[in-house]
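The values are calculated or read from the model by the stated rules, or taken from the named source; none is laboratory data. A quick note: this is a predicted structure, and the numbers were derived from the prediction, not measured. FYI the Cβ positions are ideal-geometry reconstructions off the backbone, even for glycines, and counts take in every protein chain you see. Remember, those area values only see protein heavy atoms, side chains included, never the ligands or the DNA or RNA. Shrake-Rupley method; radii C 1.70, N 1.55, O 1.52, S 1.80 Å.
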Amino acid sequence: MRNRFVDNLLKYSSRNKKVYLLTGDLGFSVLEPFIKKNPKNFFNMGVAEQNMIGVASGLALEGNKVFTYSISNFATSRCHEQIRNDICYHNLDVTVVAVGGGLPYGTHGYTHHGIEDITITRCLPNITVYVPADRYELDFCFSKIIKNKSPKYLRLAKGGEPDLYKKKISIKENVIKHRKLSDINILSCGSILGEAIECCDYFQESGYDVGLFSCPVISQESIPEIEKLLKQGKTFITIEEHKKLGGFGSFISEISVGLPNPVRIISCGVQADGYDLVGTQKYLRSLHGIDKEGLIKVINRLIK
């Protein structure tokens with residue numbers, strides 16, 4: 001997804017010369033195509049993320065469309081105050097791009113786990129959070145980002161994610177249907193969608209249909225679509241590579257409790273304990289029960 005983001009940014013910069021890209025000393029072997037084409041519109045700010053957000057805000061105040069780029073926890077936690085006060089408070093056209101959302105940097109330990117970023121960003125004023133599952137969902141999100149002139153947070157995985165779609169996403173809705181609505185349904189956010197698809201395949205082979213929907217846009221604009229979906233079902237399982245507290249599952253639960261007849265929401269995400277362990281993304285997903293096998297266990301309990 002990182003390379004696909006740069007491809008999209010490069011194409012967009014050919015139409016809009018007021019696009020700027022700032023990095024916190026990251027993106028080597030990824031950002032070079034944009035740098036080569038737009039050398040005057042790129043700045044490596046060094047390991048100074050707070051200053052990077054300040055500079056991005058200044059550029060945006062001059063009418064530019066600005067993108068910052070860093071690893072998830074450094075892009076959000078390290079400069080939360082600057083995102084809050086400089087970008088969101090002034091409702092500026094800045095997109096904070098984060099790589100490594102979730103647990104792909106799992107072998108680096110908790111300092112590099114991107115598992116609180118959705119909570120940190122979605123509570124801020126004026127901001128829209130985009131969490132694509134693969135490069136096709138990234139294209140879908142990017143088409144919205146270039147039209148959105150308010151603050152944005154784009155959460156990407158580390159790279160090398162498989163394609164979960166066979167072609168370009170042509171719909172305009174923010175909730176993307178993969179499997180039709182059923183008695184038990186999965187709402188997925190981000191690249192963890194791959195695990196949800198495998199889970200649904202498992203049950204389909206067993207003769208049981210599980211509904212599946214992807215929700216790559218977390219914002220006020222998505223709420224009417226999600227409300228409509230929840231009103232049609234009974235039980236929904238949310239799956240995210242993020243802490244359960246304040247994340248995508250919380251977002252869905254908040255919508256559900258506002259309905260005349262709230263539906264059952266079961267949240268699957270990173271547990272409160274075990275977050276400090278080190279290991280591969282696959283191992284950590286298994287540890288927190290957010291892989292295919294973990295989802296199968298949850299659904300089997302519901303069926304029984």
(request) May I ask you to list the residues in the range 94-128 that are open to solvent by 30 Å² or more (accessible area, probe 1.4 Å), of a type in the set (Ser, Thr, Tyr) and within 21 Å of Glu161 (Cβ to Cβ)? (result) Thr107
(request) Can you tell me which residue within the range 176-213, out of those that are more than 21 Å from Asn300 (Cβ to Cβ) and touching a Pro at 6+ places or on another chain (Cβ under 9 Å), is surrounded by the fewest Cβ atoms within 10 Å (Cβ to Cβ)? (result) Ile176
(request) Out of the residues in the range 149-161 that are buried (at least 18 other Cβ atoms within 10 Å of the Cβ) and not small (Gly, Ala, Ser), state the one that is nearest to the chain's Cα centre (by Cα). (result) Arg155
(request) Tell me, yes or no, whether the range 242-251 has at least one residue that is open to solvent by 50 Å² or more (accessible area, probe 1.4 Å) and within 15 Å of Leu295 (Cβ to Cβ). (result) yes
(message) Suppose the filter is among the charged types (D, E, K, R) and more than 21 Å from Val129 (Cα to Cα); does Asp139 pass it?
(response) no
(request) Looking only at the range 222-234, decide whether some residue is within 14 Å of the chain's Cα centre (by Cα), under 16 Å from Val131 (Cβ atoms) and either surrounded by fewer than 14 Cβ atoms within 10 Å (Cβ to Cβ) or not hydroxyl-bearing (Ser, Thr, Tyr) (or both). (result) no
(request) Take Val47 and decide whether it is without any contact (Cβ under 8 Å) to a residue 40 or more places away in the chain, outside any helix (DSSP H, G or I) and not basic (Lys, Arg). (result) yes
(request) With the checklist (1) within 28 Å of His112 (Cβ to Cβ); (2) assigned to a loop (DSSP other than H, G, I, E, B) in hand, flag the one item Gly63 doesn't pass. (result) (1)
(message) Between Lys18, Lys11, which is in contact with a strand residue (DSSP E or B) (Cβ under 7 Å, 6 or more places away or on another chain), farther than 29 Å from Lys243 by Cα and among the charged types (D, E, K, R)?
(response) Lys18
(message) What's the number of the only condition in (1) open to solvent by less than 20 Å² (accessible area, probe 1.4 Å); (2) free of Cβ contacts under 8 Å to residues at least 60 places away in the same chain; (3) closer than 17 Å to Ala196 by Cβ that Arg301 fails to meet?
(response) (1)
(request) Only residues that are surrounded by fewer than 13 Cβ atoms within 10 Å (Cβ to Cβ) and touching a Gly at 6+ places or on another chain (Cβ under 8 Å): list them for the range 255-296, please. (result) Asp276, Thr280
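To keep it simple, each residue is scored yes or no on (1) of a type in the set (Asp, Glu); (2) touching an Asp or Glu at 6+ places or on another chain (Cβ under 7 Å); (3) surrounded by 15 or more Cβ atoms within 10 Å (Cβ to Cβ); (4) modelled with pLDDT of 95 or more.
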| position | (1), (2), (3), (4) |
| --- | --- |
| Gly27 | no, no, yes, no |
| Phe42 | no, no, yes, yes |
| Ser57 | no, yes, yes, yes |
| Ser70 | no, yes, yes, yes |
| Arg84 | no, no, yes, yes |
| Leu92 | no, no, yes, yes |
